[in-house]
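Take a look at the structure set out below.
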């Protein structure tokens, strides 16, 4: 790495990222006292419907995924990874303890499934369970005494999504209770990898087919023909596409869902060609500084580490599995990883766009958020 790039990434510290992710996994999104009081008044005094506190909402699901990836690195210590040379024992204990606490906290509440978003955390619970069943090796997360508890939680998530309302084509409206028929691209990345993984692990082809159907429908109804990039969503009944074309995290969600469903021949055969086409379209918008913008075509607009991180995670997976071959893909990935590291300081990943509030509602607030941190944890050393 050149002297300039060394200087640009000098604040990158994987240990600090893991420490902060473990903390945020158990604190981000929890209601404070003021919020709890307001909810109490609304529910018990005003007798109005209230939302429940979601202990596994998608931002922490992304953190859990990132920590799980880091845990796999700890399990296979290699001499060229400084963090694993120095603190593998502490890292393993910290990650396993945090993930175990995250699961148990939710499980003690009865494993409530609030939104489709919760399936993202379910992916990690499924991976923990699958790993244990394959190796029968107990750790701080799972063992003979609680493996059945994980299985019951996984089955509850699967039951929820299989019973979830669909539109006339079989796609999930993002918020079915709103009865507007809006299909969000977010749902592809949130639900499809869990559905497909569940079907693969438990040999349930209907689950795998349902996952691929979500992607096929979005590719049919939610894409822009001119750029090959996704809209934020659509309504199949009216034929209207919503949001902007090429929102960075929309691209990330779609790629995430596709890579999560290409783990067996069935998904690979159906999705490889559109995955390659989408990836090539996306990578043409990488900026000279290595980032992707909050909206890909806005090359002179704000860079977004969440978009950059999510796209690079999918790119990394495509290269690792052999879908993407050639030096150009590796060069794009290297530039993207360096860009994310340039925005890293004190265990946080900055230059991340704030939470989307709906179609065409993308607040131009940039800071350090879990959706950038989670992706950064998955990117290899």
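The values are calculated or read from the model by the stated rules, or taken from the named source; none is laboratory data. Remember, it's a predicted structure, so these values are computed and weren't measured experimentally. Because the Cβ atoms are built from the backbone with ideal geometry, glycine has one as well, and the counts that use them run over all protein chains shown.
Worth pointing out:
- In region 369-381, the residues that are under 13 Å from residue 341 (Cα atoms) and in contact with a strand residue (DSSP E or B) (Cβ under 6 Å, 6 or more places away or on another chain): 372, 373, 376
- Residue match in region 250-263 (condition: more than 20 Å from residue 306 (Cβ to Cβ) and surrounded by fewer than 18 Cβ atoms within 10 Å (Cβ to Cβ)): yes
- Unmet requirement for residue 180, which otherwise passes all of (1) at pLDDT 95 or above; (2) farther than 16 Å from residue 119 by Cα; (3) part of a loop (DSSP other than H, G, I, E, B): (1)
- Scoring residue 278 on the criteria (1) under 21 Å from residue 228 (Cβ atoms); (2) touching a residue at least 60 places away in the same chain (Cβ under 8 Å); (3) not in a loop (DSSP other than H, G, I, E, B) leaves a single failure, condition (2).
- Considered as a group, the residues in region 353-370 that are surrounded by 19 or more Cβ atoms within 10 Å (Cβ to Cβ) and within 19 Å of residue 245 (Cα to Cα) include one that is modelled with the highest pLDDT, and that residue is 353.
- Filter result (in a strand (DSSP E or B) and without any contact (Cβ under 8 Å) to a residue 60 or more places away in the chain) within region 332-355: 352
- So residue 313, is it within 14 Å of residue 248 (Cα to Cα) and assigned to a helix (DSSP H, G or I): yes
- Some residue of region 208-216 being buried (at least 19 other Cβ atoms within 10 Å of the Cβ), modelled with pLDDT of 95 or more and in contact with a strand residue (DSSP E or B) (Cβ under 9 Å, 6 or more places away or on another chain): yes
- Sole exception among (1) modelled with pLDDT of 95 or more; (2) closer than 22 Å to residue 347 by Cβ; (3) surrounded by fewer than 23 Cβ atoms within 10 Å (Cβ to Cβ) for residue 107, by number: (2)
- Here residue 329 meets the list (1) in contact (Cβ under 8 Å) with a residue 60 or more places away in the chain; (2) in contact with a helix residue (DSSP H, G or I) (Cβ under 6 Å, 6 or more places away or on another chain); (3) in a helix (DSSP H, G or I) almost entirely, failing just condition (1).
- Options 220, 225; residue that is surrounded by fewer than 18 Cβ atoms within 10 Å (Cβ to Cβ) and in a helix (DSSP H, G or I): 220
- Residue that is surrounded by the fewest Cβ atoms within 10 Å (Cβ to Cβ), among those in region 236-249 that are over 29 Å from residue 376 (Cβ atoms) and in contact with a helix residue (DSSP H, G or I) (Cβ under 9 Å, 6 or more places away or on another chain): 239
- Set 373, 324: member being buried (at least 18 other Cβ atoms within 10 Å of the Cβ) and either at pLDDT 95 or above or closer than 25 Å to residue 234 by Cα (or both): 373
- Close pairs (7 angstrom Cβ cut-off, 6 or more residues apart or separate chains): touching a residue at least 12 places away in the same chain (Cβ under 8 Å) and at positive phi in region 196-216, surrounded by fewer than 21 Cβ atoms within 10 Å (Cβ to Cβ) and in a helix (DSSP H, G or I) anywhere: none
- Flag for residue 222 being in contact (Cβ under 8 Å) with a residue 24 or more places away in the chain, under 28 Å from residue 299 (Cβ atoms) and out of contact with any helix residue (DSSP H, G or I) (no Cβ under 7 Å at 6 or more places or on another chain): yes
- Residue match in region 119-130 (condition: surrounded by 14 or more Cβ atoms within 10 Å (Cβ to Cβ), farther than 22 Å from residue 66 by Cα and modelled with pLDDT of 95 or more): no
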